[in-house]
Number of protein chains: 2
Amino acid sequence: MHLNIKEPMTRNAQNTFQGIERAAIRLFYENGYYGTTVADITEAAGVAAGTFYLYFPSKLVLYQHILITLSKDIRSEIARRVKGATTRYEKERLGIKAFIEYARERPEIYNIIWESLHIDRRLFKEYYTSFSERYVKGLDKAAETGEIRPLDTEIVSFILMGITNFVALKVIMDLGSNNHNIDRIVDVVMDLLECGLFEPDRKN
Amino acid sequence: MHLNIKEPMTRNAQNTFQGIERAAIRLFYENGYYGTTVADITEAAGVAAGTFYLYFPSKLVLYQHILITLSKDIRSEIARRVKGATTRYEKERLGIKAFIEYARERPEIYNIIWESLHIDRRLFKEYYTSFSERYVKGLDKAAETGEIRPLDTEIVSFILMGITNFVALKVIMDLGSNNHNIDRIVDVVMDLLECGLFEPDRKN
DNA sequence: TCATAATATGAATGGATATTCACATAGTAT
DNA sequence: ATACTATGTGAATATCCATTCATATTATGA
(Lines give C-alpha, C1' and ligand atoms only; values in the text may rest on other atoms or scores of the structure.)
Protein backbone atom coordinates (compact mmCIF):
# COMPACT_ATOMS: atom_id res chain seq x y z
CA MET A 1 0.00 0.00 0.00
CA HIS A 2 1.50 3.34 -1.05
CA LEU A 3 0.25 6.38 0.77
CA ASN A 4 1.68 9.20 -1.38
CA ILE A 5 3.47 10.78 1.50
CA LYS A 6 6.13 13.33 0.58
CA GLU A 7 9.29 12.58 2.53
CA PRO A 8 11.08 15.66 3.85
CA MET A 9 14.41 16.39 2.15
CA THR A 10 16.13 18.72 4.56
CA ARG A 11 16.84 18.54 8.28
CA ASN A 12 14.44 21.38 9.04
CA ALA A 13 11.74 19.74 7.02
CA GLN A 14 12.29 16.55 8.96
CA ASN A 15 11.58 18.42 12.15
CA THR A 16 8.40 19.78 10.68
CA PHE A 17 7.34 16.36 9.47
CA GLN A 18 7.99 14.73 12.81
CA GLY A 19 6.32 17.58 14.64
CA ILE A 20 3.15 16.95 12.67
CA GLU A 21 3.37 13.21 13.31
CA ARG A 22 3.88 13.63 17.03
CA ALA A 23 1.16 16.22 17.45
CA ALA A 24 -1.26 14.02 15.53
CA ILE A 25 -0.49 10.97 17.63
CA ARG A 26 -1.13 12.89 20.82
CA LEU A 27 -4.33 14.51 19.55
CA PHE A 28 -5.75 11.36 17.93
CA TYR A 29 -5.24 9.72 21.31
CA GLU A 30 -6.72 12.51 23.38
CA ASN A 31 -9.66 13.45 21.17
CA GLY A 32 -9.96 10.65 18.63
CA TYR A 33 -9.63 10.89 14.87
CA TYR A 34 -12.89 12.71 14.31
CA GLY A 35 -12.39 14.95 17.31
CA THR A 36 -9.11 16.19 15.86
CA THR A 37 -8.98 18.74 13.05
CA VAL A 38 -6.09 19.37 10.72
CA ALA A 39 -6.00 22.86 12.19
CA ASP A 40 -5.58 21.35 15.67
CA ILE A 41 -2.66 19.30 14.42
CA THR A 42 -0.85 22.11 12.64
CA GLU A 43 -1.38 24.47 15.53
CA ALA A 44 0.01 21.94 18.01
CA ALA A 45 2.94 21.34 15.69
CA GLY A 46 3.51 25.08 15.37
CA VAL A 47 3.19 25.25 11.60
CA ALA A 48 0.73 26.78 9.18
CA ALA A 49 -2.31 24.89 7.93
CA GLY A 50 -0.97 24.62 4.41
CA THR A 51 2.27 23.03 5.57
CA PHE A 52 0.35 19.89 6.42
CA TYR A 53 -0.36 19.27 2.75
CA LEU A 54 3.28 19.56 1.78
CA TYR A 55 3.71 16.12 3.32
CA PHE A 56 0.34 14.41 3.59
CA PRO A 57 -2.31 14.40 0.89
CA SER A 58 -5.09 14.10 3.46
CA LYS A 59 -5.90 13.64 7.10
CA LEU A 60 -6.85 10.02 6.43
CA VAL A 61 -3.48 9.22 4.91
CA LEU A 62 -1.74 10.70 7.93
CA TYR A 63 -3.83 8.44 10.13
CA GLN A 64 -2.99 5.38 8.04
CA HIS A 65 0.67 6.28 8.11
CA ILE A 66 0.61 6.62 11.89
CA LEU A 67 -1.28 3.37 12.32
CA ILE A 68 1.21 1.44 10.23
CA THR A 69 4.15 3.02 12.03
CA LEU A 70 2.75 2.32 15.48
CA SER A 71 1.84 -1.25 14.56
CA LYS A 72 5.45 -1.89 13.63
CA ASP A 73 6.65 -0.19 16.80
CA ILE A 74 4.55 -2.27 19.13
CA ARG A 75 5.45 -5.48 17.37
CA SER A 76 9.17 -4.89 17.28
CA GLU A 77 9.16 -3.75 20.88
CA ILE A 78 7.41 -6.92 22.03
CA ALA A 79 9.73 -9.04 19.89
CA ARG A 80 12.66 -7.28 21.51
CA ARG A 81 11.47 -7.89 25.05
CA VAL A 82 10.64 -11.53 24.39
CA LYS A 83 13.94 -12.32 22.72
CA GLY A 84 15.76 -13.64 25.79
CA ALA A 85 13.20 -16.33 26.62
CA THR A 86 14.01 -19.94 25.85
CA THR A 87 10.78 -21.74 26.72
CA ARG A 88 7.34 -21.00 25.32
CA TYR A 89 6.14 -20.46 28.85
CA GLU A 90 8.68 -17.74 29.42
CA LYS A 91 7.99 -16.22 25.99
CA GLU A 92 4.32 -16.02 26.86
CA ARG A 93 4.96 -14.42 30.22
CA LEU A 94 7.33 -11.84 28.80
CA GLY A 95 5.07 -11.15 25.84
CA ILE A 96 2.01 -10.51 27.97
CA LYS A 97 3.96 -8.36 30.38
CA ALA A 98 5.55 -6.41 27.54
CA PHE A 99 2.19 -5.74 25.92
CA ILE A 100 0.61 -4.47 29.12
CA GLU A 101 3.56 -2.31 30.03
CA TYR A 102 3.82 -0.92 26.55
CA ALA A 103 0.13 -0.13 26.49
CA ARG A 104 0.52 1.68 29.80
CA GLU A 105 3.55 3.63 28.69
CA ARG A 106 2.11 4.54 25.30
CA PRO A 107 -1.68 4.31 25.54
CA GLU A 108 -1.86 6.28 22.27
CA ILE A 109 -0.86 3.22 20.35
CA TYR A 110 -3.45 1.01 21.92
CA ASN A 111 -6.21 3.53 21.35
CA ILE A 112 -5.29 4.46 17.81
CA ILE A 113 -5.14 0.84 16.71
CA TRP A 114 -8.57 0.11 18.15
CA GLU A 115 -10.07 3.15 16.50
CA SER A 116 -8.99 1.84 13.10
CA LEU A 117 -12.01 -0.46 13.17
CA HIS A 118 -14.15 2.60 12.58
CA ILE A 119 -11.84 4.48 10.22
CA ASP A 120 -10.18 1.91 8.00
CA ARG A 121 -11.59 -1.57 8.52
CA ARG A 122 -9.10 -3.12 6.14
CA LEU A 123 -6.13 -1.94 8.19
CA PHE A 124 -7.81 -3.16 11.34
CA LYS A 125 -8.29 -6.64 9.94
CA GLU A 126 -4.78 -6.65 8.56
CA TYR A 127 -3.33 -5.72 11.91
CA TYR A 128 -5.01 -8.49 13.88
CA THR A 129 -4.68 -11.06 11.14
CA SER A 130 -0.95 -10.60 10.82
CA PHE A 131 -0.52 -10.39 14.58
CA SER A 132 -2.36 -13.70 14.80
CA GLU A 133 -0.28 -15.27 12.05
CA ARG A 134 2.95 -14.48 13.76
CA TYR A 135 1.55 -15.78 17.02
CA VAL A 136 0.48 -19.01 15.33
CA LYS A 137 3.98 -19.63 14.02
CA GLY A 138 5.40 -19.51 17.53
CA LEU A 139 2.63 -21.64 18.97
CA ASP A 140 3.00 -24.25 16.23
CA LYS A 141 6.67 -24.60 17.01
CA ALA A 142 5.88 -25.00 20.68
CA ALA A 143 3.27 -27.62 19.84
CA GLU A 144 5.81 -29.60 17.79
CA THR A 145 8.23 -29.75 20.66
CA GLY A 146 5.43 -30.66 23.03
CA GLU A 147 5.69 -27.52 25.09
CA ILE A 148 2.05 -26.69 24.73
CA ARG A 149 -0.95 -28.96 24.50
CA PRO A 150 -2.29 -29.80 21.03
CA LEU A 151 -4.94 -27.14 20.48
CA ASP A 152 -6.05 -25.20 17.43
CA THR A 153 -3.31 -22.60 17.46
CA GLU A 154 -5.22 -20.07 15.38
CA ILE A 155 -8.03 -19.99 17.91
CA VAL A 156 -5.51 -19.96 20.73
CA SER A 157 -3.83 -16.93 19.19
CA PHE A 158 -7.09 -15.00 19.39
CA ILE A 159 -7.65 -16.21 22.93
CA LEU A 160 -4.24 -14.93 23.94
CA MET A 161 -4.64 -11.64 22.10
CA GLY A 162 -8.01 -11.20 23.79
CA ILE A 163 -6.55 -11.82 27.21
CA THR A 164 -3.67 -9.38 26.78
CA ASN A 165 -5.81 -6.72 25.15
CA PHE A 166 -8.50 -6.78 27.81
CA VAL A 167 -6.13 -6.97 30.73
CA ALA A 168 -4.24 -4.05 29.21
CA LEU A 169 -7.56 -2.25 28.79
CA LYS A 170 -8.27 -2.73 32.48
CA VAL A 171 -4.88 -1.31 33.40
CA ILE A 172 -4.76 1.73 31.15
CA MET A 173 -8.38 2.75 31.70
CA ASP A 174 -8.16 1.85 35.36
CA LEU A 175 -11.25 -0.35 35.35
CA GLY A 176 -11.91 -2.03 38.68
CA SER A 177 -9.09 -2.12 41.20
CA ASN A 178 -5.47 -3.16 41.65
CA ASN A 179 -4.17 -1.84 38.37
CA HIS A 180 -0.73 -0.82 39.56
CA ASN A 181 0.96 -4.13 40.22
CA ILE A 182 1.42 -5.49 36.75
CA ASP A 183 3.51 -8.43 37.86
CA ARG A 184 0.64 -9.63 40.00
CA ILE A 185 -1.74 -9.38 37.06
CA VAL A 186 0.66 -11.29 34.83
CA ASP A 187 0.95 -13.94 37.53
CA VAL A 188 -2.80 -14.49 37.48
CA VAL A 189 -2.84 -14.79 33.70
CA MET A 190 0.03 -17.28 33.71
CA ASP A 191 -1.55 -19.25 36.53
CA LEU A 192 -4.68 -19.61 34.47
CA LEU A 193 -2.70 -20.56 31.38
CA GLU A 194 -0.83 -23.14 33.43
CA CYS A 195 -3.59 -24.81 35.35
CA GLY A 196 -6.84 -23.65 33.80
CA LEU A 197 -9.77 -22.03 35.54
CA PHE A 198 -11.58 -24.97 37.08
CA GLU A 199 -10.68 -27.24 39.96
CA PRO A 200 -9.53 -30.53 38.39
CA ASP A 201 -12.00 -32.72 40.29
CA ARG A 202 -14.97 -30.40 39.79
CA LYS A 203 -15.16 -29.94 36.11
CA ASN A 204 -18.80 -30.73 35.65
CA MET B 1 -28.65 9.34 33.43
CA HIS B 2 -31.61 11.02 31.75
CA LEU B 3 -31.33 11.57 28.04
CA ASN B 4 -34.28 13.91 27.40
CA ILE B 5 -35.81 11.64 24.85
CA LYS B 6 -39.42 12.36 23.98
CA GLU B 7 -41.39 9.13 24.11
CA PRO B 8 -43.92 8.75 21.29
CA MET B 9 -47.56 8.95 22.43
CA THR B 10 -49.46 7.37 19.55
CA ARG B 11 -49.10 4.12 17.68
CA ASN B 12 -47.98 5.88 14.50
CA ALA B 13 -45.42 7.87 16.39
CA GLN B 14 -44.10 4.66 17.88
CA ASN B 15 -43.49 3.36 14.38
CA THR B 16 -41.63 6.53 13.51
CA PHE B 17 -39.57 6.34 16.67
CA GLN B 18 -38.64 2.71 16.14
CA GLY B 19 -37.93 3.32 12.47
CA ILE B 20 -35.38 5.95 13.44
CA GLU B 21 -33.85 3.65 16.05
CA ARG B 22 -33.56 0.74 13.65
CA ALA B 23 -32.18 2.79 10.78
CA ALA B 24 -29.61 4.34 13.10
CA ILE B 25 -28.48 0.97 14.44
CA ARG B 26 -27.96 -0.33 10.94
CA LEU B 27 -26.16 2.77 9.73
CA PHE B 28 -23.99 3.20 12.81
CA TYR B 29 -22.93 -0.37 12.25
CA GLU B 30 -22.31 -0.05 8.53
CA ASN B 31 -20.67 3.36 8.45
CA GLY B 32 -19.85 4.19 12.05
CA TYR B 33 -21.14 7.07 14.14
CA TYR B 34 -19.20 9.77 12.32
CA GLY B 35 -19.85 8.24 8.93
CA THR B 36 -23.58 8.51 9.52
CA THR B 37 -25.44 11.80 9.19
CA VAL B 38 -28.80 12.63 10.69
CA ALA B 39 -30.01 13.04 7.11
CA ASP B 40 -28.88 9.46 6.37
CA ILE B 41 -30.87 8.22 9.32
CA THR B 42 -34.06 10.09 8.55
CA GLU B 43 -33.90 9.15 4.89
CA ALA B 44 -33.44 5.48 5.73
CA ALA B 45 -36.33 5.73 8.18
CA GLY B 46 -38.47 7.43 5.55
CA VAL B 47 -39.17 10.58 7.55
CA ALA B 48 -38.22 14.23 7.22
CA ALA B 49 -35.09 15.65 8.79
CA GLY B 50 -37.01 17.66 11.34
CA THR B 51 -38.88 14.62 12.60
CA PHE B 52 -35.69 13.36 14.16
CA TYR B 53 -35.72 16.23 16.64
CA LEU B 54 -39.26 15.51 17.77
CA TYR B 55 -37.81 12.57 19.65
CA PHE B 56 -34.09 13.04 20.12
CA PRO B 57 -32.44 16.31 21.13
CA SER B 58 -29.25 15.40 19.27
CA LYS B 59 -27.46 12.72 17.32
CA LEU B 60 -25.26 12.00 20.33
CA VAL B 61 -28.23 11.34 22.59
CA LEU B 62 -29.65 8.91 20.04
CA TYR B 63 -26.32 7.09 20.08
CA GLN B 64 -26.27 6.96 23.87
CA HIS B 65 -29.84 5.70 23.92
CA ILE B 66 -29.01 2.95 21.44
CA LEU B 67 -25.88 1.96 23.32
CA ILE B 68 -27.74 1.63 26.60
CA THR B 69 -30.56 -0.33 24.97
CA LEU B 70 -28.21 -2.72 23.20
CA SER B 71 -26.12 -3.23 26.34
CA LYS B 72 -29.22 -4.35 28.17
CA ASP B 73 -30.26 -6.57 25.27
CA ILE B 74 -26.99 -8.44 25.08
CA ARG B 75 -26.82 -8.91 28.80
CA SER B 76 -30.34 -10.17 29.25
CA GLU B 77 -29.99 -12.47 26.27
CA ILE B 78 -26.83 -14.02 27.69
CA ALA B 79 -28.44 -14.32 31.11
CA ARG B 80 -31.41 -16.06 29.48
CA ARG B 81 -29.29 -18.57 27.63
CA VAL B 82 -27.15 -19.36 30.67
CA LYS B 83 -30.08 -19.83 32.99
CA GLY B 84 -30.39 -23.60 32.66
CA ALA B 85 -26.82 -24.36 33.70
CA THR B 86 -26.16 -25.75 37.16
CA THR B 87 -22.38 -25.86 37.29
CA ARG B 88 -20.01 -22.95 36.75
CA TYR B 89 -18.36 -24.95 34.00
CA GLU B 90 -21.62 -25.23 32.11
CA LYS B 91 -22.44 -21.59 32.78
CA GLU B 92 -19.14 -20.58 31.29
CA ARG B 93 -19.60 -22.74 28.22
CA LEU B 94 -23.10 -21.50 27.57
CA GLY B 95 -22.11 -17.90 28.24
CA ILE B 96 -19.22 -17.94 25.81
CA LYS B 97 -21.27 -19.67 23.18
CA ALA B 98 -24.16 -17.27 23.67
CA PHE B 99 -21.89 -14.26 23.32
CA ILE B 100 -20.30 -15.49 20.10
CA GLU B 101 -23.61 -16.48 18.55
CA TYR B 102 -25.23 -13.24 19.56
CA ALA B 103 -22.34 -11.24 18.13
CA ARG B 104 -22.68 -13.15 14.89
CA GLU B 105 -26.43 -12.69 14.69
CA ARG B 106 -26.31 -9.02 15.61
CA PRO B 107 -22.85 -7.69 14.81
CA GLU B 108 -24.26 -4.17 15.11
CA ILE B 109 -24.27 -4.49 18.85
CA TYR B 110 -20.71 -5.61 19.09
CA ASN B 111 -19.49 -2.82 16.85
CA ILE B 112 -21.52 -0.05 18.38
CA ILE B 113 -20.38 -0.90 21.88
CA TRP B 114 -16.74 -0.87 20.85
CA GLU B 115 -17.10 2.47 19.13
CA SER B 116 -18.29 4.04 22.37
CA LEU B 117 -14.66 4.25 23.45
CA HIS B 118 -14.24 7.05 20.94
CA ILE B 119 -17.62 8.71 21.36
CA ASP B 120 -18.51 8.54 25.04
CA ARG B 121 -15.68 7.17 27.13
CA ARG B 122 -17.78 7.22 30.30
CA LEU B 123 -20.38 4.87 28.82
CA PHE B 124 -17.62 2.60 27.55
CA LYS B 125 -16.05 2.31 30.99
CA GLU B 126 -19.43 1.85 32.59
CA TYR B 127 -20.31 -0.95 30.22
CA TYR B 128 -17.20 -3.02 30.84
CA THR B 129 -17.02 -2.21 34.53
CA SER B 130 -20.55 -3.37 35.21
CA PHE B 131 -20.14 -6.38 32.95
CA SER B 132 -17.06 -7.26 34.98
CA GLU B 133 -18.84 -6.71 38.28
CA ARG B 134 -21.62 -9.10 37.40
CA TYR B 135 -19.06 -11.62 36.20
CA VAL B 136 -17.15 -11.31 39.45
CA LYS B 137 -20.24 -12.09 41.50
CA GLY B 138 -20.73 -15.37 39.69
CA LEU B 139 -17.06 -16.26 39.87
CA ASP B 140 -16.89 -15.48 43.58
CA LYS B 141 -19.76 -17.85 44.25
CA ALA B 142 -18.06 -20.54 42.24
CA ALA B 143 -14.86 -19.94 44.18
CA GLU B 144 -16.70 -20.33 47.48
CA THR B 145 -18.10 -23.69 46.49
CA GLY B 146 -14.70 -24.76 45.18
CA GLU B 147 -15.82 -25.05 41.60
CA ILE B 148 -13.06 -22.82 40.32
CA ARG B 149 -9.53 -22.35 41.53
CA PRO B 150 -8.80 -19.47 43.90
CA LEU B 151 -7.75 -16.70 41.54
CA ASP B 152 -8.30 -12.96 41.56
CA THR B 153 -11.81 -12.97 40.13
CA GLU B 154 -11.69 -9.38 38.94
CA ILE B 155 -8.68 -10.10 36.76
CA VAL B 156 -10.25 -13.38 35.66
CA SER B 157 -13.38 -11.52 34.59
CA PHE B 158 -11.31 -9.38 32.21
CA ILE B 159 -9.47 -12.45 30.98
CA LEU B 160 -12.78 -14.13 30.16
CA MET B 161 -14.26 -11.02 28.58
CA GLY B 162 -11.12 -10.68 26.48
CA ILE B 163 -11.34 -14.27 25.31
CA THR B 164 -15.00 -14.06 24.32
CA ASN B 165 -14.65 -10.65 22.71
CA PHE B 166 -11.67 -11.59 20.58
CA VAL B 167 -12.97 -14.98 19.59
CA ALA B 168 -16.22 -13.27 18.60
CA LEU B 169 -14.21 -10.70 16.69
CA LYS B 170 -12.54 -13.49 14.76
CA VAL B 171 -15.89 -15.00 13.91
CA ILE B 172 -17.80 -11.92 12.87
CA MET B 173 -14.97 -10.32 10.92
CA ASP B 174 -13.94 -13.68 9.54
CA LEU B 175 -10.31 -13.35 10.55
CA GLY B 176 -8.23 -16.41 9.76
CA SER B 177 -10.08 -19.63 9.00
CA ASN B 178 -12.69 -22.02 10.40
CA ASN B 179 -15.15 -19.44 11.58
CA HIS B 180 -18.33 -21.38 10.89
CA ASN B 181 -18.21 -24.13 13.45
CA ILE B 182 -18.84 -22.23 16.64
CA ASP B 183 -19.15 -25.34 18.77
CA ARG B 184 -15.64 -26.32 17.82
CA ILE B 185 -14.34 -22.90 18.78
CA VAL B 186 -16.12 -23.06 22.11
CA ASP B 187 -14.61 -26.49 22.68
CA VAL B 188 -11.11 -25.09 22.27
CA VAL B 189 -11.83 -22.27 24.69
CA MET B 190 -13.27 -24.65 27.29
CA ASP B 191 -10.39 -27.05 26.82
CA LEU B 192 -7.96 -24.26 27.59
CA LEU B 193 -10.01 -23.14 30.59
CA GLU B 194 -10.07 -26.73 31.83
CA CYS B 195 -6.48 -27.80 31.36
CA GLY B 196 -4.50 -24.67 30.63
CA LEU B 197 -2.25 -24.02 27.68
CA PHE B 198 0.95 -25.77 28.65
CA GLU B 199 1.81 -29.44 28.94
CA PRO B 200 1.87 -30.23 32.67
CA ASP B 201 5.40 -31.60 32.71
CA ARG B 202 6.88 -28.92 30.46
CA LYS B 203 6.02 -25.73 32.25
CA ASN B 204 9.45 -24.19 32.31
C1' DT C 1 -68.09 20.12 14.23
C1' DC C 2 -64.52 22.48 16.61
C1' DA C 3 -60.52 22.97 19.43
C1' DT C 4 -56.41 21.32 20.90
C1' DA C 5 -52.36 18.68 21.13
C1' DA C 6 -49.33 15.65 18.76
C1' DT C 7 -46.94 14.62 14.81
C1' DA C 8 -44.63 15.69 10.48
C1' DT C 9 -42.38 18.52 6.93
C1' DG C 10 -38.19 20.26 4.45
C1' DA C 11 -36.11 24.49 3.29
C1' DA C 12 -33.04 27.65 5.62
C1' DT C 13 -29.32 28.66 8.92
C1' DG C 14 -24.96 28.81 10.86
C1' DG C 15 -20.89 26.87 12.17
C1' DA C 16 -17.23 23.86 11.33
C1' DT C 17 -13.44 22.16 8.67
C1' DA C 18 -10.67 19.74 4.94
C1' DT C 19 -8.34 21.40 1.28
C1' DT C 20 -6.43 24.87 -2.10
C1' DC C 21 -3.69 28.52 -3.78
C1' DA C 22 -1.19 32.67 -4.63
C1' DC C 23 2.51 34.35 -2.55
C1' DA C 24 6.86 34.43 0.51
C1' DT C 25 11.17 32.70 2.32
C1' DA C 26 15.25 29.80 2.89
C1' DG C 27 18.71 26.90 1.31
C1' DT C 28 21.91 25.31 -2.32
C1' DA C 29 24.55 24.61 -6.36
C1' DT C 30 26.80 26.90 -10.20
C1' DA D 1 25.12 36.90 -7.61
C1' DT D 2 21.72 34.12 -9.90
C1' DA D 3 18.61 30.66 -10.51
C1' DC D 4 16.37 26.99 -8.84
C1' DT D 5 14.12 23.94 -5.66
C1' DA D 6 12.28 22.93 -1.27
C1' DT D 7 9.79 24.66 2.35
C1' DG D 8 6.45 27.55 4.57
C1' DT D 9 2.34 30.76 5.03
C1' DG D 10 -2.53 31.78 6.14
C1' DA D 11 -6.45 33.71 4.05
C1' DA D 12 -10.01 32.03 0.96
C1' DT D 13 -12.94 28.33 -0.77
C1' DA D 14 -16.28 25.02 -0.95
C1' DT D 15 -18.58 21.46 1.10
C1' DC D 16 -20.80 19.22 4.57
C1' DC D 17 -24.02 18.65 8.23
C1' DA D 18 -26.41 19.24 12.84
C1' DT D 19 -30.01 21.79 14.17
C1' DT D 20 -34.00 25.17 13.85
C1' DC D 21 -38.35 26.89 12.55
C1' DA D 22 -42.40 28.40 10.25
C1' DT D 23 -45.85 25.87 8.49
C1' DA D 24 -48.87 21.82 7.52
C1' DT D 25 -51.28 17.61 8.63
C1' DT D 26 -53.37 14.22 11.62
C1' DA D 27 -55.61 12.32 15.61
C1' DT D 28 -58.54 12.88 19.65
C1' DG D 29 -61.87 14.34 22.89
C1' DA D 30 -65.73 17.37 23.89
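Things worth noting here:
- Checking each residue in segment A:52-81 for being open to solvent by 50 Å² or more (accessible area, probe 1.4 Å), more than 14 Å from chain B (Cβ to nearest Cβ), in contact (Cβ under 8 Å) with a residue 12 or more places away in the chain and within 16 Å of DNA strand C (Cβ to nearest atom) picks out A:LEU54, A:PRO57.
- The set of residues in segment B:25-51 that are among the hydrophobic types (A, V, I, L, M, F, W, C), in contact with a Phe, Trp or Tyr (Cβ under 8 Å, 6 or more places away or on another chain) and more than 10 Å from DNA strand C (Cβ to nearest atom) comprises B:PHE28, B:ILE41.
- Filtered residue count, segment A:149-159, keeping only those that are facing another protein chain (nearest Cβ under 7 Å), open to solvent by 10 Å² or more (accessible area, probe 1.4 Å) and outside any loop (DSSP other than H, G, I, E, B): 1
- Residue match in segment B:185-204 (condition: within 7 Å of chain A (Cβ to nearest Cβ), closer than 21 Å to A:MET190 by Cα, open to solvent by 10 Å² or more (accessible area, probe 1.4 Å) and among the polar types (S, T, N, Q)): yes
- Residues being away from DNA strand D (no atom under 12 Å from the Cβ), more than 14 Å from every other protein chain (Cβ to nearest Cβ) and without any contact (Cβ under 8 Å) to a residue 12 or more places away in the chain - total across segment B:12-41: 1
- Test for B:TYR34: is it more than 18 Å from the chain's Cα centre (by Cα) and over 27 Å from B:MET173 (Cα atoms): no
- Boolean, A:GLY162 is within 11 Å of chain B (Cβ to nearest Cβ) and more than 27 Å from A:VAL61 (Cβ to Cβ): yes
- Residues in segment A:184-198 that are farther than 14 Å from A:ARG88 by Cα and touching a helix residue (DSSP H, G or I) at 6+ places or on another chain (Cβ under 7 Å): A:ILE185, A:VAL186, A:VAL188, A:VAL189, A:LEU192, A:GLY196, A:LEU197, A:PHE198.
- Residue check: B:ILE113 meets all listed conditions (1) among the β-branched types (Val, Ile, Thr); (2) open to solvent by 20 Å² or more (accessible area, probe 1.4 Å); (3) in a helix (DSSP H, G or I); (4) assigned by TED's automatic domain parsing to the domain that holds B:THR164 but one, namely (2).
- Check on B:ARG88, more than 16 Å from DNA strand C (Cβ to nearest atom), within 14 Å of another protein chain (Cβ to nearest Cβ) and buried (at least 18 other Cβ atoms within 10 Å of the Cβ): yes
- Condition met for B:LEU160 (within 16 Å of the chain's Cα centre (by Cα) and under 30 Å from A:THR36 (Cα atoms)): no
- Any hit, segment A:122-131, residues being open to solvent by less than 30 Å² (accessible area, probe 1.4 Å), over 16 Å from the mean Cα position of the chain (by Cα) and not assigned by TED's automatic domain parsing to the domain that holds A:LEU27: no
- Index of the failed condition, A:GLY162 passing every other in (1) open to solvent by 10 Å² or more (accessible area, probe 1.4 Å); (2) in contact with a helix residue (DSSP H, G or I) (Cβ under 6 Å, 6 or more places away or on another chain): (1)
The values are calculated or read from the model by the stated rules, or taken from the named source; none is laboratory data. Please read all numbers here as calculations on a predicted model, not as lab measurements. Backbone-built Cβ (ideal geometry, glycine too); neighbour counts: all protein chains shown. What goes into the accessible areas is simple: the full protein's heavy atoms, side chains included, and nothing from ligands, DNA or RNA. Shrake-Rupley method; radii C 1.70, N 1.55, O 1.52, S 1.80 Å.
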